Amino acid sequence: QKEVEQNSGPLSVPEGAIASLNCTYSDRGSQSFFWYRQYSGKSPELIMSIYSNGDKEDGRFTAQLNKASQYVSLLIRDSQPSDSATYLCAVRGGTSYGKLTFGQGTILTVHP
Amino acid sequence: DTEVTQTPKHLVMGMTNKKSLKCEQHMGHRAMYWYKQKAKKPPELMFVYSYEKLSINESVPSRFSPECPNSSLLNLHLHALQPEDSALYLCASSQGGASGANVLTFGAGSRLTVL
């Protein structure tokens with residue numbers, strides 16, 4: 001079992017729709033959870049961080065964390081073509097102290 | 001502009017060359033990282049320096065040699081690389097060490113091609 005798993009997609013949504021990205025992790029002791037966005041040929045940039053169960057909202061983005069289910073998600077409301085990118089889920093803590101482990105990434109395409 | 005600066009942006013080297021990648025941050029961060037990213041794959045951790053000491057080495061081949069001269073600088077020395085080492089090398093830093101909630105800020109990357 002991979003440490004961090006994401007659906008690789010591609011996920012295609014129409015402009016204005018909600019995009020839902022999902023991630024599961026295997027280390028139950030994991031403490032910190034991040035979503036990064038990466039445009040083709042560019043470096044990852046942080047979209048959201050979440051550390052406790054529940055929802056965290058920032059503009060059009062909402063991160064949801066459920067530690068009991070070892071599940072973290074990212075919702076993008078009112079999706080825009082500029083949101084088209086690879087979204088990387090990253091998890092840190094637990095037994096791998098100091099190590100940030102990335103999922104394989106989900107390719108999102110928002111079409112006009 | 002990113003606050004983590006990597007140079008060079010592009011590097012082409014032969015298998016017998018010796019070269020170095022450089023990374024600099026002036027945010028007062030106390031942890032710095034090297035990641036390697038192949039096309040269509042996620043970043044893979046190579047090394048972590050926390051408070052200028054090597055804290056994680058992910059069993060990286062010795063042809064990659066990290067160096068942290070001070071808290072703002074991180075180098076990756078390259079020697080006798082193989083074509084399969086061609087990748088995007090990402091430097092990152094985080095405040096207050098390598099643990100817990102500290103968020104990584106990535107540089108723009110150095111794209112390495114080994115001929």
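Which of the numbered conditions does B:Thr105 fail, given that it passes all the others? Conditions: (1) more than 9 Å from chain A (Cβ to nearest Cβ); (2) touching a residue at least 60 places away in the same chain (Cβ under 8 Å); (3) closer than 22 Å to A:Tyr36 by Cβ.
B:Thr105 satisfies every listed condition except (1).
Please enumerate the residues belonging to region B:21-32 that are more than 14 Å from B:Leu88 (Cα to Cα) and assigned to a strand (DSSP E or B).
Within region B:21-32, B:Glu24, B:Gln25, B:Ala31, B:Met32 qualify.
Does at least one position in region A:59-68 carry a residue that is part of a strand (DSSP E or B) and within 21 Å of B:Tyr89 (Cα to Cα)?
No, region A:59-68 contains no residue that is part of a strand (DSSP E or B) and within 21 Å of B:Tyr89 (Cα to Cα).
Residue by residue, here is whether (1) free of Cβ contacts under 8 Å to residues at least 12 places away in the same chain; (2) in contact with a Phe, Trp or Tyr (Cβ under 9 Å, 6 or more places away or on another chain); (3) surrounded by fewer than 19 Cβ atoms within 10 Å (Cβ to Cβ) holds:
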position	(1), (2), (3)
B:Tyr35	no, yes, no
B:Phe47	no, yes, no
B:Leu54	no, yes, yes
B:Leu73	no, no, yes
B:His77	no, yes, yes
B:Ala87	no, no, no
B:Ser94	no, yes, no
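Under 7 Å between Cβ atoms, at least 6 apart or on separate chains: pull out the pairs that start in region A:43-58 with a residue that is within 30 Å of B:Thr7 (Cα to Cα) and end on any residue that is loosely packed, with under 14 Cβ neighbours inside 10 Å.
So the pair list comes out as A:Met48/A:Asp58.
Specify the residue that is farthest from the other protein chains (Cβ to nearest Cβ); the eligible residues are those in region A:75-88 that are in contact with a Gly (Cβ under 8 Å, 6 or more places away or on another chain) and assigned to a strand (DSSP E or B).
A:Tyr87
Output the residues belonging to region B:48-87 that are within 14 Å of chain A (Cβ to nearest Cβ) and in contact with a Cys (Cβ under 9 Å, 6 or more places away or on another chain).
B:Tyr49, B:Lys53, B:Leu54
Which is within 30 Å of B:Gln6 (Cβ to Cβ) and away from chain B (no Cβ under 14 Å), of A:Val91, A:Val72?
Answer to the check: A:Val72.
Is it true that A:Ala19 is over 14 Å from B:Val103 (Cβ atoms), away from chain B (no Cβ under 11 Å) and buried (at least 20 other Cβ atoms within 10 Å of the Cβ)?
yes
Exactly one condition in (1) modelled with pLDDT of 95 or more; (2) of a type in the set (D, E, K, R); (3) in a loop (DSSP other than H, G, I, E, B) is false for A:Lys56; which is it?
So A:Lys56 meets the others, but not (3).
Considering only region A:53-63, state which residues are surrounded by 14 or more Cβ atoms within 10 Å (Cβ to Cβ) and either under 17 Å from A:Gly29 (Cα atoms) or of a type in the set (A, V, I, L, M, F, W, C) (or both).
Result: A:Phe61, A:Ala63.
Yes or no, residue by residue, for (1) modelled with pLDDT of 95 or more; (2) of a type in the set (A, V, I, L, M); (3) over 11 Å from the mean Cα position of the chain (by Cα):
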| site | (1), (2), (3) |
| --- | --- |
| B:His29 | no, no, yes |
| B:Lys36 | yes, no, no |
| B:Ser59 | no, no, yes |
| B:Leu76 | yes, yes, no |
| B:Asn102 | no, no, yes |
| B:Gly109 | yes, no, no |
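Taking the condition surrounded by 13 or more Cβ atoms within 10 Å (Cβ to Cβ), farther than 28 Å from A:Val91 by Cβ and modelled with pLDDT of 90 or more, does B:Pro42 pass?
So B:Pro42 does not fit the description; no.
The values are calculated or read from the model by the stated rules, or taken from the named source; none is laboratory data. Quick caveat: nothing in here was measured; it's all calculated off a predicted structure. As a convention, Cβ positions derive from the backbone with ideal geometry for all residues, glycine included, and neighbour counts pool all protein chains shown.
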